[in-house]
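Visitor: Sharing a structure with you now.
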Amino acid sequence: MYRTHHCGELNINHIGQTVQLAGWVAKSRDLGVMNFVDMRDRYGITQIKFSDENNATLCALSKSLGREFVIQVKGTVTERSSKNMNIPTGEIEITAEELTILSKSETPPFTIENESDGSEEIRMKYRYLDIRRPILKERLEMRQSGQSDESISRRPCFC
């Protein structure tokens, strides 16, 4: 199975469940014996925890992950010790048991976040990366929801 859940749907009610997620590496924080990876898909962000205590080989592999690598992770949903109430998945993290690198990536020319460090010229050159930013993705989804076949057919025709 490719994934059991999307990154934005897990919450405190899923604690103890074994899940499988797939998505892009947004950020990686190396704390020595632990490594935290923020993984995102089009639905949200989930924090993945790799620890030397659980699996030293897996933790070492996680430290080689770059931004925008596409990964698949299998692990157990656990409660976070330091909760981040700014995101829907801020109360939980996934303690990784398996990691598969589906695709490696070169480091993008700018960060794929709302507050990007890229100039407008660079972002336009790499539009396919720019539309991954949450603010642009939301605008495209909103635009698409108003363009359904049903709404188009109800519009008066001025032919």
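None of the figures in this text is laboratory data; all of them are computed from the coordinates on show. From a predicted model like this one, the values you see are computed outputs, not experimental measurements. Methodologically, a virtual Cβ is constructed for each residue, glycine included, from the backbone with ideal geometry; neighbour enumeration extends over all protein chains shown.
Visitor: What FRET efficiency would be calculated for the residue pair Ala56, Arg3, taking the C-beta separation as r and a Förster radius of 41 Å, to the nearest 0.05?
Guide: On the way: r = 26 Å, r/R0 = 0.63.
With a Förster radius of 41 Å, E is 0.95.
Visitor: Right, here's the next one. So what's the angle, to the nearest 10 degrees on a 0 to 90 scale, between helix 134-145 and the longest Cα principal axis of the chain?
Guide: With rounding to tens, the tilt is 40 degrees.
Visitor: Run the numbers on the chain and let me know its relative contact order in percent, using alpha-carbon pairs under 8 Å that are six or more apart.
Guide: On the way: 293 pairs, mean separation 31.1, N = 159.
About 20 percent, as a whole number.
Visitor: Further, regarding this structure: Work from the charge dipole of the stretch 12-103 (Cβ charges, +1 for Lys and Arg, -1 for Asp and Glu, about the Cα centre) and give the residue of Thr57, Ile92, Ser103 farthest towards its positive end.
Guide: Ser103
Visitor: Using θ = phi - 60° and the Karplus form 6.51 cos²θ - 1.76 cosθ + 1.60, what ³J(HN,Hα) does each residue of the stretch 112-122 get, whole Hz, x for Gly and Pro?
Guide: 9, 9, 4, 9, 7, 8, x, 6, 4, 4, 5
Visitor: I would also like to ask the following. Just from its helices, what would the mean residue ellipticity at 222 nm be for the chain, if runs of 4 or more DSSP H residues each count -39500 (n - 2.57) and the sum is divided by every residue, rounded to the nearest 500 deg cm²/dmol? Before the final figure, lay out each step's value.
Guide: Numbers: 5 runs with 35 residues, N = 159.
Result for the chain, helices only: -5500 deg cm²/dmol.
Visitor: Then there's this: For Arg139 and Glu115 in the same chain, what is the full-extension length gain: residue separation times 0.36 nm, less their Cα-Cα distance, in nm?
Guide: Values: separation 24, 0.36 × 24 = 8.64 nm, distance 1.55 nm.
Full extension of this stretch gives 7.1 nm more.
Visitor: So, one more: Would you mind ranking Leu31, Leu102, Leu21 so that the residue whose beta carbon has the fewest other beta carbons within 10 Å leads the list? Write out the running numbers ahead of the final one.
Guide: Details: Leu31 9, Leu102 12, Leu21 24.
Ascending number of Cβ neighbours within 10 Å: Leu31, Leu102, Leu21.
Visitor: Give the shape of the stretch 108-149 as rounded, prolate or oblate, defined through the alpha-carbon gyration tensor: a ≥ b ≥ c are the square roots of its eigenvalues, a/c under 1.5 means rounded, and otherwise the shape is prolate if a/b is larger than b/c and oblate if not. Walk me through the intermediate numbers first.
Guide: Working: a/c = 3.32, a/b = 2.30, b/c = 1.44.
Prolate, since a/c reaches 1.5 and a/b exceeds b/c.
Visitor: If you take the square roots of the eigenvalues of the alpha-carbon gyration tensor of the chain and sort them as a ≥ b ≥ c, do you get rounded (a/c under 1.5), prolate (a/b over b/c) or oblate?
Guide: prolate
Visitor: Given H placed 1.01 Å from N in the peptide plane, which residues other than close sequence neighbours of Lys27 have an amide H under 5 Å from its amide H?
Guide: Result for Lys27 returns Asp38.
Visitor: Here is a further query. Tell me, what HN-Hα J-couplings in whole Hz come from the Karplus equation 6.51 cos²θ - 1.76 cosθ + 1.60 at θ = phi - 60° for each residue of the stretch 4-20, using x for Gly and Pro?
Guide: 9, 9, 8, 5, x, 9, 6, 8, 4, 6, 8, 4, x, 7, 8, 10, 10
Visitor: Taking H as built 1.01 Å from N, whose amide H comes closer than 5 Å to the amide H of Glu97, not counting residues under 5 places away?
Guide: Lys74, Gly75, Thr76
Visitor: What residues have an amide H closer than 5 Å to that of Leu10, excluding those fewer than 5 places away on the same chain, when H is modeled at 1.01 Å from N in the peptide plane?
Guide: Excluding prolines and chain starts, which carry no amide H, there are no hits.
Visitor: May I pose another question? If you plug each phi of the stretch 37-42 into the Karplus form 6.51 cos²θ - 1.76 cosθ + 1.60 with θ = phi - 60°, what whole-Hz ³J(HN,Hα) values come out, in order, with x for Gly and Pro?
Guide: Once rounded to whole Hz, the list reads 10, 8, 9, 10, 10, 5.
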